[in-house]
Amino acid sequence: MLIHFGYEIIFNLPQSIPLLLKLYTHPSVADKLKQPEQLQLWPNTDFNEFYDDFGNRCVRVLAPQGQLRIWNDAVIEDSGRPDVVDQTAQQISAFDLPSSTLQYLLNSRYCEVDLLSDAAWNLFGDLPPGWSRVQAICDWVHTHVRYGYGESHPSKTASEVFATRTGVCRDFAHLAIAFCRCLNIPARYASGYLGDIGVPAQPRPIDFHAWFEAFIGGQWHTFDARHNQPRIGRILMARGRDATDVALSTSFGTAKLEKFKVWTEALSPALTH
């Protein structure tokens with residue numbers, strides 16, 4: 001199936017400032033794009049591209065004073081199938097894990113393994129390791145955390161989500177990631193597009209979405225504690241330890257957000273099997 005996606009973001013800048021943007025799709029899905037993405041800035045401004053340590057495609061720009069419009073519009077080919085479920089995937093012991101996954105067992109800015117370890121082992125320690133344990137974490141977070149746009153703030157951490165039982169999609173992901181890491185399951189944060197494809201349309205405007213990936217059965221698998229069901233049409237933009245590593249924009253100075261619009265729509269039907 002084909003999915004049309006993109007965004008329009010407008011900032012008002014009191015003065016010229018550097019911006020760091022992670023607004024491209026992830027290089028791992030580049031071969032599925034019907035044409036290369038072209039990030040467009042108005043006024044027309046030169047920018048530099050690079051890849052960060054997590055493999056995300058990034059942009060550095062010295063944005064001029066005034067209004068800055070950032071726009072992208074593209075089409076991607078998707079399998080039309082829901083997220084893969086592999087209930088046979090087993091947990092790998094910490095000693096045998098690939099070295100590249102070890103950083104995803106540690107504390108990070110928003111995922112405090114040390115503060116949540118006792119809670120994680122009390123809640124999930126007696127469950128069989130592997131897919132069922134990660135799914136149990138998603139079930140618990142989905143059931144016990146109340147979703148709401150007004151229930152979060154930029155510095156809210158996993159331990160705060162556990163205490164308040166409220167948050168948005170990034171908070172659901174952070175708590176689930178922290179619980180996984182507490183149980184020696186590597187887990188990393190993922191962000192991107194997720195339209196209402198194959199599910200009833202939501203009344204709120206489409207936004208970017210956050211989910212997570214857990215390393216079990218020798219590979220990374222997609223999990224989503226917010227929706228807690230396999231979904232069709234995820235378009236990955238960035239991965240990292242937590243939201244710090246995948247921020248859509250980082251401004252080195254004052255930048256007032258004036259407009260934020262995201263679109264994701266299927267151009268052809270999803271598969272039924």
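The values are calculated or read from the model by the stated rules, or taken from the named source; none is laboratory data. Worth saying up front: this structure is predicted, and the values here are computed from it rather than measured. A quick note on method: Cβ atoms are made from the backbone with ideal geometry, for glycine too, and the neighbour counts reach across all protein chains shown. For the accessible areas, the whole protein counts, side chains as well, though only heavy atoms, and no ligand, DNA or RNA atoms are used. Shrake-Rupley method; radii C 1.70, N 1.55, O 1.52, S 1.80 Å.
Considering only protein heavy atoms and a 1.4 Å probe, what is the carbon-and-sulfur percentage of the accessible area of the range 19-94?
Ligands and nucleic acids excluded, carbon and sulfur give 46 percent.
Computed from the mean reciprocal separation of all distinct C-alpha pairs, what Kirkwood hydrodynamic radius does the range 116-204 have, in Å?
Here the Kirkwood hydrodynamic radius works out to 13.9 Å.
Taking N as the number of residues in the range 144-193, what is its alpha-carbon radius of gyration divided by 2.2 N^0.38 Å?
1.11
Kirkwood Rh over alpha-carbon pairs of the range 30-84, then Stokes-Einstein at 25 °C and 0.890 mPa s: what D in µm² s⁻¹, rounded to an integer?
Rounded, D is 178 µm²/s.
Sort HIS4, HIS142 from largest to smallest accessible area, using a 1.4 Å probe on the heavy atoms of the protein chains.
HIS142, HIS4
Between helix 131-144 and the chain, what is the angle of the helix's C-alpha long axis to the longest principal axis, kept within 0 to 90° and rounded to the nearest 10?
70 degrees
Tell me, what ³J(HN,Hα) does each residue in the range 57-69 have, in order and in whole Hz, if you take phi through Karplus 6.51 cos²θ - 1.76 cosθ + 1.60 with θ = phi - 60° and put x for Gly and Pro?
7, 10, 10, 10, 9, 8, 6, x, 4, x, 7, 10, 9
Heads up, I need the accessible area for SER100: 1.4 angstrom probe, whole protein in place, Å², nearest 10.
90 Å²
Using a Gaussian network for the chain with springs between C-alpha atoms less than 10 Å apart, which of these wobbles most: PRO128, PRO186, PRO82?
PRO128
Per 10 Å bin, what percent of the C-alpha pairs of the range 1-104 does each bin hold, from zero upward?
Computed distribution, short to long bins: 11, 31, 28, 20, 9, 1.
Rg(Cα) of the range 136-273 divided by 2.2 N^0.38 Å?
Expressed relative to 2.2 N^0.38 Å, the Cα Rg reads 1.08.
At 1.4 Å probe size, with no ligands or nucleic acids counted, give the accessible surface of GLU160 in Å², nearest ten.
GLU160 has an accessible surface of roughly 70 Å² with all protein chains in place.
Against the longest principal axis of the chain, how steep is helix 113-124, in degrees 0 to 90 to the nearest 10, with axes from Cα atoms?
Around 50 degrees separate the two axes.
Could you compute Rg(Cα) / (2.2 N^0.38 Å) for the range 73-130, with N its residue count?
That works out to 1.61 for the range 73-130.
May I ask you to derive the FRET efficiency for SER100 and LYS259 from their Cβ-Cβ distance with R0 = 45 Å, giving the value to the nearest 0.05?
0.70
Once the convex hull of the C-alpha atoms of the chain is built, how many Å³ does it hold per residue, rounded to a whole number? Before the final figure, lay out the partial values.
Details: hull volume 36.2 nm³, N = 273.
Once divided by residue count, the hull of the chain is 133 Å³.
For the range 1-78, report the accessible area per residue in Å² (1.4 Å probe, heavy atoms, rounded to an integer).
49 Å²
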